[in-house]
Structure formats: structure tokens, C-alpha cells
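Student: Handing you a structure now.
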Amino acid sequence: MTEHEPPPIRIGVVGTGFMGRQHLEFIRAAPGATLAAVADPVPAPEAGRGLPGYEDAGSMLAAEDLDAVVIANPNALHVDTALDCLEAGVAVLVEKPVAMAYAESRRLVAAVARLDGRLLVGHHRRHHPAVARARAAIQEGELGSVVAVGGIWSARKDDAYFAETSWHRRPGAGVLLINVVHDLDLLRHLCGEVAEVQAMTSSHARGLEVEDTVSLSLRFESGAVGSLLASDAGVSPWGWDQATEETLAFPYLPDGVAYRVVGTQGALSVPNLARYAYDPAVPADWHSPLSRTYLPVAPRGSFQAQLAHFIDVARGVTRPLVTAEDASRTLALVEAAALAARTGATVDVAQFRAAIDARATEGPADGQGRR
């Protein structure tokens, strides 16, 4: 470290499950960060590698001089753990979903505002360079007006994923909240707010309490429509994880596609950034040949980019790319989709949020927004 470089950010990690262990390795490899401690009542073997270990976040915060904390414990504990960290004045990176329910997430939104907290939510795909380039292409009109978007994520999770971790079998840990939350967040980021959602879910493949497959239909506030299909029980090469080298546990499919965005002047697949358009010299109709070009982008891993961004958030030099408010809206969309699946109705997302917000003024809510 030179005299002009700031000291490394001292980071603690709460939770040593699958995501927590990944964060430990990212922090160990990151310039500008020091892994200081871990907290988990039952830490994974070798997770700490000689680091100070604690039962919970509160004990860690009391004993260690930390600048930031990464929260990767079970979803039901995210909000209370994040509140403890914000009250202690440290920066927070909380894994998605930010809460178990939209109503619960509003506690965190309020705390960030009250404490002027520094909190980033771990929707890591937003940090992928292909996403930034795709968003720019959409917003700058390179595709014309977006009329439709389609996405798919399907992979067969191993049996041990459910057998060894009991909360993976319980409500809140199905494909909708664990996986589709990423896709819906990214579609919001790329195409704007969703106005209406329809949904069907199934638990047929595994017969667990939680759904393993979901099909969604979306109408965006822009007027564009979309569809999303996801399953954690079906074999496929399609989805974000297979189309990137984000996680070594997934086989990489070069030139793979997770989303397709269709506009009046062109189409774009993501994350491979293949752009399809007519030659400007010929009539722009379906009889004309399409050309395919690839939008240029410098490669970088989402998790590495997210951690570098979080370090800047912790230092107070930038605003979080994914705020508590933003993640709360994604969670509301997931919850609206679950309601649509249960009732068979089309759910107006803004009205759904407004109804829960109105109930919040009437008294305390439980984690499901009930009185």
C-alpha cells in the first residue's frame, strides 16, 4: 500500500453456507479488502481458516473493528442481521433476497433512510459488464422501442442441495425466491418496472413444499410484454449461470443465452450481446435478411465487480447500484408473481405494493405482511 492508497476495508462475513463460502474466497482475492472474521453458529469446515469466529453478527460486531459486513445467512435472518450491522455503523452487502417478504423489506428501507446507511443488495448480475452494455443499448434506442422480452433459467439442482440444508425445502427457498428473483431483478433493470404479472407454479417434480418450476407472463409499464420460464428440477443448457463463467459449478456454454430482447429496429440476446438488425439499405421487414453483430464489452466477473463496487460503497465514494428500495421492489414483484400463481389472477404490481404499504401504517406486520 502506497501513502496515497486508502487502507484495506476490513470485512466480516455472516453465514458460511454455499454463498458465504464464495464470498470468503472473493474477499481473500480482492485488492482493497481484508477478511477479518466470520460468524456462523455452525461454521462450515475450514471456512474461517484461522480467522476469529463468532456465533452471530452481534458478537462479531462487538469484538471486531469492522468497516463492512457481508450477510449470507438464511433468508429469514437477512433483515434483522442487516439492521444490527446498520445500527453498528458498518457498510452492508446483503445477499438476495433482501427479505422473506416485501412488507419485511420495508423495515430495512426505512432503517437505511433513518441511519443514512450504506447498504448494497447482492443482485450480482447487474454488475456483469454485458448487463451494463445491454441496458445502454436499450436506453439509447439501439433496438428501437422494446416490444417484448423473454428469459429462461433451468438447471437440475442436486438432491444434496435439499437433503443437507433443511431450509431449502421450506417456503421461501423455492425457485421463485431463490433463482427467479435474479431474473426479475435483471428484467426490471433492463426494461423498467413491471405493471402486471401472471404466473403458474408447480412442485410436481420433487413434491416438496416449495415450487420447483414456474412460468411467468409480464406486462411492463413501457407497454412491452415478456415471459420467463424457470425450473430447478429440469436439465437444460439455458440460463444465466450456464451462459457465463460466474460459478464453476455450472458447465459453461459459450455463446449461451439467458434473455432475448426484441425491439422495433433490432433484437439483442444477453449475455452474449448478439445484436440482430436489418441492413439500413433494405426495407425493414420480415422478408429482409438479418445481420448479426456482437456489441463489444470488456470481460469481468459479476462477483468481483460487485465486491469492488461494495468496497467503494463502504468507503462512501459511490452510491449502491442496487439499493434496499430497489431490491424491495424486486421482492414485491416476486411476491406478486406468487400471488398470481395462487389465485390465477393478473396482479397489478403497483396496487399490490400500495396495499401492503397501506396496511403497514395500521400496525406491525409479520414476515408475510399480515396483521
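Student: All but one of (1) in contact with a helix residue (DSSP H, G or I) (Cβ under 6 Å, 6 or more places away or on another chain); (2) in contact (Cβ under 8 Å) with a residue 24 or more places away in the chain; (3) more than 23 Å from E221 (Cβ to Cβ); (4) among the β-branched types (V, I, T) hold for I311; state the number of the condition that does not hold.
Tutor: Evaluating I311 over (1) in contact with a helix residue (DSSP H, G or I) (Cβ under 6 Å, 6 or more places away or on another chain); (2) in contact (Cβ under 8 Å) with a residue 24 or more places away in the chain; (3) more than 23 Å from E221 (Cβ to Cβ); (4) among the β-branched types (V, I, T) leaves (1) as the failure.
Student: Please state which one of D212, D232, D255, D241 is surrounded by 14 or more Cβ atoms within 10 Å (Cβ to Cβ) and free of Cβ contacts under 8 Å to residues at least 40 places away in the same chain. Explain how you work it out, then say what you get.
Tutor: Details: D232 fails: free of Cβ contacts under 8 Å to residues at least 40 places away in the same chain; D255 fails: surrounded by 14 or more Cβ atoms within 10 Å (Cβ to Cβ); D241 fails: free of Cβ contacts under 8 Å to residues at least 40 places away in the same chain.
Only one candidate qualifies: D212.
Student: Look at segment 175-215 and say how many of its residues are over 22 Å from R126 (Cα atoms) and assigned to a loop (DSSP other than H, G, I, E, B).
Tutor: 10
Student: Here are some conditions: (1) modelled with pLDDT under 95; (2) surrounded by fewer than 16 Cβ atoms within 10 Å (Cβ to Cβ). A338 meets all but one. Which one does it not meet?
Tutor: Only one criterion is unmet by A338, namely (2).
Student: Considering only segment 57-95, state which residues are of a type outside the set (A, V, I, L, M, F, W, C) and either touching a Ser or Thr at 6+ places or on another chain (Cβ under 8 Å) or at positive phi (or both).
Tutor: Let us first name the residues in segment 57-95 that are of a type outside the set (A, V, I, L, M, F, W, C), namely 58-59, 64-65, 67, 73-75, 78, 80-81, 84, 87, 89, 95.
Answer for segment 57-95, where residues must be of a type outside the set (A, V, I, L, M, F, W, C) and either touching a Ser or Thr at 6+ places or on another chain (Cβ under 8 Å) or at positive phi (or both): N73, G89.
Student: For segment 258-289, which positions are among the aromatic types (F, W, Y) and in contact (Cβ under 8 Å) with a residue 12 or more places away in the chain?
Tutor: At the first step, the residues of segment 258-289 found to be among the aromatic types (F, W, Y) are 259, 276, 278, 286.
Answer for segment 258-289, where residues must be among the aromatic types (F, W, Y) and in contact (Cβ under 8 Å) with a residue 12 or more places away in the chain: Y259, Y276, Y278.
Student: Another question about this same structure. When you look at E25, is it of a type in the set (D, E), more than 20 Å from F310 (Cβ to Cβ) and either in the same structural domain as D183 (by TED's automatic domain parsing) or modelled with pLDDT under 95 (or both), yes or no? Don't jump to the end; show me each part of the working.
Tutor: Values: of a type in the set (D, E): yes; more than 20 Å from F310 (Cβ to Cβ): no; either in the same structural domain as D183 (by TED's automatic domain parsing) or modelled with pLDDT under 95 (or both): yes.
Spelling it out, it is not the case that E25 is of a type in the set (D, E), more than 20 Å from F310 (Cβ to Cβ) and either in the same structural domain as D183 (by TED's automatic domain parsing) or modelled with pLDDT under 95 (or both).
Student: Looking only at segment 243-279, count how many residues are touching an Asp or Glu at 6+ places or on another chain (Cβ under 8 Å) and basic (K, R).
Tutor: 1
The values are calculated or read from the model by the stated rules, or taken from the named source; none is laboratory data. Nothing here was measured: the structure is a model prediction, and the numbers come from that model. Please note: Cβ atoms are built from the backbone with ideal geometry, for glycine as well, and neighbour counts cover all protein chains shown.
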